[in-house]
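Engineer: Got a structure here, written out as structure tokens. Questions coming.
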Amino acid sequence: MSLPVVTRFAPSPTGSLHLGNARTAFFSHLWARKSGGRFILRIEDTDAQRSRGSFTEELIGDLRWLGLGWDEGPDVGGPAAPYRQAQRGGVYAGLFARLEAEERAYPCYCTPEELELSRKLQRVSGKPPRYAGTCRNLSRAEGVARQARGLRPTLRFAVPDGVAVDFDDAVHGPQHFPSADIGDFIIRREDGTPAFFFCNAVDDSLMGVTQVLRGDDHLTNTPRQLMLLDALGLRRPAYGHVGLLVGADGAPLSKRHGSTSVREFRERGFLGAAVLNHLFHLGHASDVEHWLPPAGMPAHFRPDHLGRAPARFDEAQLVHWQKETLQRMSAADIGRWLGTDDAALAELVRHNVVLPSDAVPWIAVLHGELPPLGADAQRVVEAAGPAFFAAAAAALSQSGPDLKLLTQILKERTGRKGADLYLPLRIALTGQAHGPELAPLLRLMPPDMARRRLESHAQNP
Ligand code: GLU
Ligand code: ZN
């Protein structure tokens, strides 16, 4: 029996929830739920310039809309509160002081210009650019002198010499990074705020996270973070880095691929369960091919089946899951989703819509004017001829909204049958060759609307 897994989602509230981030949040959520563990939401808002409270609110709303609830987080509290990094300054201050006292970190007074120059020199001599260690052995007196010149230091972690960091990535397998390849890195910015490497790793450990799951753009950050945790004597979580989400062309999923945020899909009318069914298969080789209810997903989640290859997001696949989800909804729920309380209308169009906007033309068919016929539809109407529609209008006055009776009468009077009879009738009544079942549609249509539409084709053009 394995121990419960504690996972987390740690977004930076600098924009809308990207589908790629929603996917790692979802996998983390599934992993915790599968093992009976805990899922934590932590807001990484230490970058005051780019973070916004409104993005945090939006993020929380979108995660809840997806149905990914958390056991600890900024809005629900928990034993490791607070869960917004901007409020954890006190926690970090103590750890910074410890690292400095133990000489595992040191103030760096290098200016951006000096750092840029140093990087350039390294590049021209063919070395990978990394911090040259300039301030590592600065004396206290030199430090004081620079402060007097108005320079504010960053705090750098002193990467130990001649060691290696090893860890077993849940997705990429065994990893080995020599410390010689890693320059001393900033853990506290000039303005006193903690840098990502630091607070991200420290909080995972302090919050009891056992399994970090994130995009593999973070894979090379992990050795730095592990050295830091080791220096602080904090327990290491395990890490897993999943392949990034890309568009159909293989490039990272971005604006030019269309919608990329959960918010956009939500506003277009995609359903949370459809989004989750699609995400479930993105970079996760599942043995289940069919639609799953979100509550049934943890049991089928296989962390050992997460892939490192980039996962291709395909809106056509999302549409497939949307249709599967719609099929499983009640007419009442479909009505709510369409924004109508007309249950008969919802039932009528449910197989002809993917998004609520697709229902608009059908609502117009029942409650408004038809747009002009397309060329193909026009040809069908002309081939049927005015006499056919005159007969149809007459038949309608006998049959009323009973399509079966109407077509029976019309068949007797015109000798037409099958598509020759149904297609011109459908086009005259709905303006289109395809769509919801005609019988209920006719029943829902105001009676003289149907008559007027048939009569409009009964005269010679
Ligand atoms: N705040 C970081 C991000 O959004 C978290 C990365 C991680 O999951 O560790 O990229
Ligand atoms: Zn320096």
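Engineer: Taking the conditions exactly as written (in a strand (DSSP E or B), touching a Pro at 6+ places or on another chain (Cβ under 9 Å), under 25 Å from residue 66 (Cα atoms) and in contact (Cβ under 8 Å) with a residue 12 or more places away in the chain), does residue 213 satisfy them or not?
Structural biologist: Numbers: in a strand (DSSP E or B): yes; touching a Pro at 6+ places or on another chain (Cβ under 9 Å): yes; under 25 Å from residue 66 (Cα atoms): yes; in contact (Cβ under 8 Å) with a residue 12 or more places away in the chain: yes.
So residue 213 passes the test.
Engineer: Among the residues of the range 362-388 satisfying the criterion of being under 19 Å from residue 443 (Cα atoms) and touching a residue at least 24 places away in the same chain (Cβ under 8 Å), which is surrounded by the most Cβ atoms within 10 Å (Cβ to Cβ)? If you could, list the steps in order and put the result at the bottom.
Structural biologist: Taking the range 362-388 first, the residues under 19 Å from residue 443 (Cα atoms) are 362-370.
If we keep only those that are touching a residue at least 24 places away in the same chain (Cβ under 8 Å) too, we end up with 362, 365-366, 370.
Details: 362: 21, 365: 24, 366: 18, 370: 17.
It comes out as 365.
Engineer: In addition: Which of the residues spanning the range 167-209 are part of a strand (DSSP E or B), of a type in the set (Asp, Glu) and within 24 Å of residue 130 (Cβ to Cβ)?
Structural biologist: Taking the range 167-209 first, the residues part of a strand (DSSP E or B) are 167-169, 173-178, 185-188, 194.
Applying the additional criterion that residues be of a type in the set (Asp, Glu) yields 168-169.
Across the range 167-209, the qualifying residue is only 169.
Engineer: Only one of these is buried (at least 19 other Cβ atoms within 10 Å of the Cβ), under 30 Å from residue 337 (Cα atoms) and in contact with a strand residue (DSSP E or B) (Cβ under 6 Å, 6 or more places away or on another chain): 271, 276, 282. Name it. Lay out the reasoning, then the answer.
Structural biologist: Working: 271 fails: in contact with a strand residue (DSSP E or B) (Cβ under 6 Å, 6 or more places away or on another chain); 276 fails: in contact with a strand residue (DSSP E or B) (Cβ under 6 Å, 6 or more places away or on another chain).
Residue meeting the stated conditions: 282.
Engineer: Of the conditions (1) assigned to a helix (DSSP H, G or I); (2) touching a residue at least 24 places away in the same chain (Cβ under 8 Å), residue 332 fails just one. Which one is it?
Structural biologist: Here residue 332 clears every test but (2).
Engineer: Which condition number does residue 263 fail, the rest of (1) under 18 Å from residue 68 (Cβ atoms); (2) assigned to a loop (DSSP other than H, G, I, E, B); (3) among the basic types (Lys, Arg) being met?
Structural biologist: (2)
Engineer: Additional query: I need the full set of residues from the range 415-461 which are polar (S, T, N, Q) and more than 41 Å from the chain's Cα centre (by Cα), in order please.
Structural biologist: Within the range 415-461, 456, 459, 460 meet the criteria.
Engineer: Could you check the range 159-178 and list, in sequence order, the residues that are without any contact (Cβ under 8 Å) to a residue 24 or more places away in the chain and touching a His at 6+ places or on another chain (Cβ under 7 Å)?
Structural biologist: Those that are without any contact (Cβ under 8 Å) to a residue 24 or more places away in the chain and touching a His at 6+ places or on another chain (Cβ under 7 Å): 164, 166.
Engineer: Of all residues being more than 8 Å from ligand 1 (Cβ to nearest atom) and aliphatic (A, V, I, L, M) in the range 207-223, which is farthest from residue 305 (Cα to Cα)? Just the residue, please.
Structural biologist: 207
Engineer: Could you say which residue among 101, 148, 132 is over 30 Å from residue 11 (Cα atoms), at pLDDT below 95 and more than 10 Å from ligand 2 (Cβ to nearest atom)?
Structural biologist: Working: 101 fails: at pLDDT below 95; 132 fails: more than 10 Å from ligand 2 (Cβ to nearest atom).
After applying the criteria, what remains is 148.
Engineer: Let me confirm something: among 253, 292, which residue is touching a Phe, Trp or Tyr at 6+ places or on another chain (Cβ under 9 Å), without any contact (Cβ under 8 Å) to a residue 24 or more places away in the chain and aliphatic (A, V, I, L, M)?
Structural biologist: Working: 253 fails: without any contact (Cβ under 8 Å) to a residue 24 or more places away in the chain.
Being touching a Phe, Trp or Tyr at 6+ places or on another chain (Cβ under 9 Å), without any contact (Cβ under 8 Å) to a residue 24 or more places away in the chain and aliphatic (A, V, I, L, M) holds for just one of 253, 292, which is 292.
Engineer: Going residue by residue through the range 47-58, is there one that turns out to be away from ligand 2 (no atom under 16 Å from the Cβ), over 23 Å from residue 242 (Cβ atoms), part of a helix (DSSP H, G or I) and among the β-branched types (Val, Ile, Thr)?
Structural biologist: For the range 47-58, residues away from ligand 2 (no atom under 16 Å from the Cβ), over 23 Å from residue 242 (Cβ atoms), part of a helix (DSSP H, G or I) and among the β-branched types (Val, Ile, Thr): present.
Engineer: Determine whether residue 406 is within 50 Å of the chain's Cα centre (by Cα), modelled with pLDDT of 95 or more, farther than 18 Å from residue 371 by Cβ and not in a loop (DSSP other than H, G, I, E, B). I'd like the intermediate steps shown before the answer.
Structural biologist: Values: within 50 Å of the chain's Cα centre (by Cα): yes; modelled with pLDDT of 95 or more: yes; farther than 18 Å from residue 371 by Cβ: yes; not in a loop (DSSP other than H, G, I, E, B): yes.
For residue 406, the condition - within 50 Å of the chain's Cα centre (by Cα), modelled with pLDDT of 95 or more, farther than 18 Å from residue 371 by Cβ and not in a loop (DSSP other than H, G, I, E, B) - is met.
Engineer: Scan the range 165-179 and give yes if some residue there is more than 16 Å from ligand 1 (Cβ to nearest atom), out of contact with any helix residue (DSSP H, G or I) (no Cβ under 6 Å at 6 or more places or on another chain) and of a type in the set (A, V, I, L, M, F, W, C), otherwise no.
Structural biologist: To start, the set of residues in the range 165-179 that are more than 16 Å from ligand 1 (Cβ to nearest atom) comprises 165-166, 168, 173-174, 176-179.
Applying the additional criterion that residues be out of contact with any helix residue (DSSP H, G or I) (no Cβ under 6 Å at 6 or more places or on another chain) yields 166, 168, 173-174, 176, 178-179.
Next, only the ones that are of a type in the set (A, V, I, L, M, F, W, C) stay: none.
Looking for residues that are more than 16 Å from ligand 1 (Cβ to nearest atom), out of contact with any helix residue (DSSP H, G or I) (no Cβ under 6 Å at 6 or more places or on another chain) and of a type in the set (A, V, I, L, M, F, W, C), one finds none in the range 165-179, hence no.
Engineer: Look at residue 28 and say whether it is away from ligand 1 (no atom under 12 Å from the Cβ), within 20 Å of residue 313 (Cα to Cα) and either part of a helix (DSSP H, G or I) or touching a residue at least 12 places away in the same chain (Cβ under 8 Å) (or both). Quick ask: steps written out before the conclusion?
Structural biologist: Values: away from ligand 1 (no atom under 12 Å from the Cβ): no; within 20 Å of residue 313 (Cα to Cα): yes; either part of a helix (DSSP H, G or I) or touching a residue at least 12 places away in the same chain (Cβ under 8 Å) (or both): yes.
Judged against the criteria, residue 28 is not a match.
Engineer: Okay, moving on. Residues being of a type in the set (Asp, Glu) and within 12 Å of ligand 2 (Cβ to nearest atom): count how many of those fall in the range 114-129.
Structural biologist: Here the count works out to 1.
The values are calculated or read from the model by the stated rules, or taken from the named source; none is laboratory data. Remember, it's a predicted structure, so these values are computed and weren't measured experimentally. Quick reminder, even Gly has a Cβ in these numbers, built from the backbone with ideal geometry, and neighbours come from all protein chains shown.
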